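Notes to accompany the following structure.
The values are calculated or read from the model by the stated rules, or taken from the named source; none is laboratory data. Predicted model, so just to flag it, every value in this text is computed and none were measured. With ideal geometry, Cβ positions are generated from the backbone for all residues, glycine too; neighbour counts draw on all protein chains shown.
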Amino acid sequence: MYIQSMISYHWIVLHWKNELIEWDPKNYCNISKLYVTSDNFWLPDLYIYEMTEQNSQTRVNYVEVMNDGNCSLSVPLRVVSNCDLQLYKFPFDEQACTLSFGPYLYPDPEITMLPYSDSKKVTEKSRHFYSGKGDWKFLSIEVTNNPYNWNGVNYSRVYYEISIKRSPIAYVINLILPACLLLVLDIYSMFIKSSQEERLGFKITVISGFIVLLLILNDLLPDSGNMPALGYFFCASLGIMVVSSIGSIMISHVLSQRSSSTDVPPWIKTWILKYMAYILCFKEKFHMEDIVSFVPADNEYKIEKSLNELPIRNENTQSTTTHALEVKMLKRILIEILKIRKELLIFKKTNENQSHWNSVAQVLDRLLLFLYLAAMGITFTGTVISWAT
């Protein structure tokens, strides 16, 4: 259980009537009031139940005694009390810390505690004398008088509920605003071309800065068993940024397939280049069919063999040698043309594979961007709603 401490300074005035004391001022030189050391008088049993440290203020040892038996004791107190802080709305939180005044030994009605002033008067006086460090704003004090029952015995108690509000300006400037700027930078980093290595390095730099802000938040927060909504927002944002970096690494791996001769699998062409590209509103229609097709090597061999075995008809025996040379020349030209065609087919096939892998990377990159914006928007909206409600 995590309990925080509140330090407050009080000026407590106790009034009670001592029925054993009474005198006529006329018989004592018109003396109607005396100041007597408290060691010679019975004092009310007063205890502050939330106090965690002994009062370090100078003790007042004198009691004001009136001739009719009414007594009063003014005591300055430095109270270090426990207060269970609810930090879910940090730094826009309001806290209510209670101080319970009552007897420790004497039950009701042997000692009955009553508040001297109501909530309105106590709040006005406290606001006039309130002095803080600037990180808290005083709101009000609610005074109630309810008995406390312990093992069937009632003890009189007076409760002062102190309401304070945290000043969020310093936390907004030093923590929330830098975090939002880092998130904006990380969002805009998604628009850097995935083919450039600077994108991944930039995102890692932003994540490092965000981790530093998380450490600062951890130092600012007091020890508490409940995490504030801002902590959930920071953790969720950091997780989203890490996931987006992993997605960028995967896209870089997809782009690295361009240098290999690996073909894009048919299921990727169907689900990513067709359906997913349509859902993500790509205006460009990606080619689903192969642009070119190879001529098998055995077919080329058959063509070359048939050319070599091509019969030559000579209608004129005198021009046999001339026709034979021309046919051989044509066959050689055709073979070279087939080789050129093969090289062109290989070049086109390589370009086609690169184009397909580029298209897959573009679709995945846009999918990652949409998912990133959706997740970050949901996280930010949920945090704002939790602060507002």
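With respect to the conditions (1) touching a strand residue (DSSP E or B) at 6+ places or on another chain (Cβ under 6 Å); (2) surrounded by fewer than 14 Cβ atoms within 10 Å (Cβ to Cβ); (3) hydroxyl-bearing (S, T, Y); (4) more than 29 Å from S167 (Cβ to Cβ), Y9 lacks only one, and its number is (4). The set of residues from the range 45-57 being part of a loop (DSSP other than H, G, I, E, B) and loosely packed, with under 15 Cβ neighbours inside 10 Å comprises D45, T52, E53, Q54, S56, Q57. A single member of L214, L200, L221 is surrounded by 14 or more Cβ atoms within 10 Å (Cβ to Cβ) and touching a residue at least 60 places away in the same chain (Cβ under 8 Å), and it is L221. Every test in (1) buried (at least 18 other Cβ atoms within 10 Å of the Cβ); (2) over 25 Å from the mean Cα position of the chain (by Cα); (3) hydrophobic (A, V, I, L, M, F, W, C) is passed by M276 save one, and that test is (1).
Residue under question is L87, and the condition is that it be of a type outside the set (D, E), more than 16 Å from H15 (Cβ to Cβ) and surrounded by fewer than 16 Cβ atoms within 10 Å (Cβ to Cβ); does it hold?
Details: of a type outside the set (D, E): yes; more than 16 Å from H15 (Cβ to Cβ): yes; surrounded by fewer than 16 Cβ atoms within 10 Å (Cβ to Cβ): no.
Criteria not met by L87.
Among what's in the range 124-148 and is polar (S, T, N, Q) and closer than 25 Å to Y106 by Cβ, pick the residue that is surrounded by the fewest Cβ atoms within 10 Å (Cβ to Cβ). The residue in question is N146. Restricting attention to the range 131-140, does a residue exist that is of a type in the set (S, T, N, Q) and touching an Asp or Glu at 6+ places or on another chain (Cβ under 6 Å)? So far as the range 131-140 goes, no, none of its residues is of a type in the set (S, T, N, Q) and touching an Asp or Glu at 6+ places or on another chain (Cβ under 6 Å).
Quick one: is S38 at pLDDT below 85 and within 25 Å of K125 (Cα to Cα)?
Details: at pLDDT below 85: yes; within 25 Å of K125 (Cα to Cα): no.
Answer is no for this residue.
I need the full set of residues from the range 149-178 which are more than 35 Å from the chain's Cα centre (by Cα) and surrounded by fewer than 16 Cβ atoms within 10 Å (Cβ to Cβ), in order please. Across the range 149-178, the qualifying residues are N149, W150, N151, G152, V153, N154.
Listed here are the residues, each with its yes/no results for (1) aromatic (F, W, Y); (2) touching a Phe, Trp or Tyr at 6+ places or on another chain (Cβ under 6 Å).
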| residue | (1), (2) |
| --- | --- |
| S117 | no, no |
| K121 | no, no |
| F129 | yes, no |
| W136 | yes, no |
| T144 | no, yes |
| Y160 | yes, no |
| Y171 | yes, no |
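Counting only helices (runs of 4 or more DSSP H) that fall entirely inside the range 183-289 and contain at least 1 residues that are at pLDDT 80 or above and assigned by TED's automatic domain parsing to the domain that holds T379, the qualifying elements are 198-220, 229-256. Residues that are closer than 11 Å to L73 by Cα and not polar (S, T, N, Q) were ranked within the range 26-39; the one that is surrounded by the fewest Cβ atoms within 10 Å (Cβ to Cβ) is Y35.
From the list W42, W23, the lone residue that is of a type in the set (F, W, Y) and either under 30 Å from V384 (Cβ atoms) or surrounded by 15 or more Cβ atoms within 10 Å (Cβ to Cβ) (or both) is W23. Selection of the range 77-94 for residues being within 26 Å of W387 (Cβ to Cβ) and either assigned by TED's automatic domain parsing to the domain that holds G231 or aliphatic (A, V, I, L, M) (or both) yields L85, L87.
Which of the following residues is among the aliphatic types (A, V, I, L, M), farther than 16 Å from I7 by Cα, exposed (fewer than 13 other Cβ atoms within 10 Å of the Cβ) and without any contact (Cβ under 8 Å) to a residue 60 or more places away in the chain: L114, L105?
Values: L105 fails: without any contact (Cβ under 8 Å) to a residue 60 or more places away in the chain.
Testing whether each residue is among the aliphatic types (A, V, I, L, M), farther than 16 Å from I7 by Cα, exposed (fewer than 13 other Cβ atoms within 10 Å of the Cβ) and without any contact (Cβ under 8 Å) to a residue 60 or more places away in the chain leaves just L114.
None of I169, I187 is of a type outside the set (S, T, N, Q) and closer than 30 Å to S256 by Cβ except I187. Listed by first and then second residue, the pairs with beta-carbon distance under 7 Å, at least 6 apart or on different chains, first residue in the range 154-180 and touching a residue at least 40 places away in the same chain (Cβ under 8 Å), second of a type in the set (S, T, Y) and crowded, with 18+ Cβ neighbours inside 10 Å, are R157/S100; Y159/S100. Count of the range 21-38 residues, restricted to those that are polar (S, T, N, Q) and outside any helix (DSSP H, G or I), is 3.
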